[in-house]
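Report on the following structure.
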Amino acid sequence: AIGFAFAKVTSTDTIVVAKDMRPTGDTLIIAFCQGVTSVGVRVVNIGMASTDMLYFASGFLDMPGAMFTASHNPAQYNGIKLCGNKAAPIGEQTGLLEIKQYAKDALKNKILMEGDEDLITSVDLLDEFVKHVRSFVEVSDFGNLKVIADTANGMGGLIVPVAFEGMGVDLEVLYPELDGTFPNHPADPIQEENQRDLVERVLEAKADIGLAFDGDADRVFLVDDLGEPLSGSITTALVAESVLRKYPGSTVLHNLICSKIVPETIEANGGTAVRTRVGHSFIKNTMAQTNAVFGGEHSGHYYFKDNFRADSGLIAAFIVLELLSTSKQKLSELRKPFQKYFASGEKNVSVADTSLMLAKLDRYYSDFDCTVDKLDGITIDFGTWWVNIRPSNTEPLLRINVEADTKVNMFKYLDEVLTLISNINSELIKND
């Protein structure tokens, strides 16, 4: 039904599809292709791929795309990431709700017809994708850097070895076997406990860098030569600095839970920093509006204008490796200038009513000497510390991020915010 609806809404003659290594992907992609071809629309199937490879295929072939993956989620999940021609984002305001309605109507009215397998073509684009990734760096050899990549039994196990072949690195891949049951650890590298094996191996091997990919390999987190993980914000700042050397004076985006070091770095390097909401569709749309060359999210998504404005952890990793190769510095040294602030990481809190809670928080902080904005939830900035509190799109949760000038202050203000929310929530429940 979703394949049928996607074909209808995109009004295209061909759709490119791919899947990750999850066992349920086979039956899901077959059903999707039946829906697409039932209305005479052709399918180009690129097989198993990372999500950023599917976005590349959408741009390279100039057609809408569908990626079957549940990204970093546990094995029992699966899902679909959809995009328009040239990897254009599809969100609630740009076709997703329409696709949902078409699919519901198709099921309700029983109008789905048989698919046509003759309309499906298989194409291998891995070599083209690797060539594209390498186009973002100016060196053809990274100078024998020792690289450990933990692909967590995800799609990085297919993509990473090919991407690094012939680049001069001493590459070691942890858990390269494609296994959607994730037998070693969850493919969710934003959780530092899932980076433990990588950290341990980086130290044992005296490696220059560790790369932790998520399940569909579109995100990456870095570990330095001392075994210390880098936040998505520090990686965004590093990549932004490098990109601005190549494209001076350009616009660079960052979402509003990135560290303050990100806009400070962009501006210090002559760029224009633009703050965005959290989420790929908002960032991609803002990139188009501002002609930004790069955008980063604290969650490990890195977007590039020359990548059809789509995100790719592999491209970001290549840019950092080029920086290591040309600077002759250790990553532990390169990161030092960006370690000015201390972040809490995202904390989730269940509340009775997210909208009412945000309204009460807005009213509470209006009495203080601070700036308040509502770009995404509510952000309160006192100068030496700030907090963003935004609602989940899918659960009755608030997502809370605090950053401060010292670790002591960060914990202090985080505790203050959590206590305030708890007290307001108790009052809401009492008055309900």
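Shape summary: segment 228-380 maps onto an equivalent ellipsoid whose semi-axes, from the alpha-carbon gyration tensor, are 30, 18, 14 Å in decreasing order. In this structure the chain gives 44 Å² per residue of accessible area when probed at 1.4 Å with all protein chains present.
Taking max minus min of the alpha-carbon positions on each principal axis, segment 1-98 gives extents of 33, 25, 24 Å, largest first. When the alpha carbon gyration tensor of segment 358-432 is reduced to an equivalent ellipsoid, the three semi-axes, largest first, read 21, 14, 13 Å. Positive end of the dipole of segment 347-418 (Cβ unit charges, origin at the Cα centre): among L361, L375, L418, the Cα lying farthest that way belongs to L418.
Computed over protein heavy atoms with a 1.4 Å probe, the carbon and sulfur contribution to the accessible area of segment 262-413 reaches 49%. Cross-link pairs exceeding 22 Å between alpha carbons, from the set K347/K407; K146/K340; K8/K81: K146/K340.
Sorting the segments 35-45, 196-206, 150-160 by their mean number of nearby beta carbons within 10 angstrom, highest to lowest, gives 150-160, 35-45, 196-206. Would you mind pulling out the separation of the Cα centroids of segment 316-376 and segment 114-150, in Å? Taking the Cα centre of segment 114-150 as reference, the centre of segment 316-376 is 31 Å away. Charge tally for S366 (other residues, Cβ to Cβ under 14 Å; Lys, Arg +1; Asp, Glu -1): -2. Computed over protein heavy atoms with a 1.4 angstrom probe, the accessible surface ordering of V17, V349, largest first, is V349, V17. Counting only protein heavy atoms and using a 1.4 Å probe, what share of the accessible area of segment 46-124 belongs to carbon plus sulfur, as a whole percent? Result for segment 46-124: 51 percent of the exposed heavy-atom area is carbon or sulfur.
Note on E193: accessible area approximately 90 square angstrom, rounded to 10, probe 1.4 Å, nucleic acids and ligands left out. Both radii come from the Cα set of segment 223-266: Rg as radius of gyration, Rh as Kirkwood radius; their ratio Rg/Rh reads 1.02. Magnitude of the charge dipole for segment 171-222, about its Cα centre and with charges confined to Cβ atoms of Lys, Arg (+1) and Asp, Glu (-1), is about 160 debye. Calculation over all alpha carbon pairs of segment 96-243 in 5 angstrom steps from 0 returns a P(r) of 2, 9, 14, 17, 17, 12, 8, 7, 6, 5, 3, 1, 0 percent.
About its Cα centre, the dipole of segment 82-185 is roughly 520 debye, where the only charges are +1 on Lys and Arg Cβ and -1 on Asp and Glu Cβ. How much solvent-accessible surface does D306 expose, in Å² to the nearest 10, with a 1.4 Å probe and all protein chains in place? Roll a 1.4 Å probe over it and D306 shows about 90 Å². Taking the chain on its own, what percent of its Cα-Cα pair distances exceed 35 Å? For the chain, the fraction of Cα-Cα distances above 35 Å is 32 percent. Ratio of Rg to Rh for segment 117-160: 1.12 [Cα atoms; Kirkwood radius as inverse mean 1/r over pairs].
The values are calculated or read from the model by the stated rules, or taken from the named source; none is laboratory data. This one's a predicted model, so the numbers in the text were calculated from it and none came from an experiment. Neighbour counts are summed over all protein chains in view; Cβ atoms, including those assigned to glycine, are modelled from backbone coordinates with ideal geometry. To get the accessible areas, we keep the full protein, side chains included, count just its heavy atoms, and leave off ligands, DNA and RNA. Shrake-Rupley method; radii C 1.70, N 1.55, O 1.52, S 1.80 Å.
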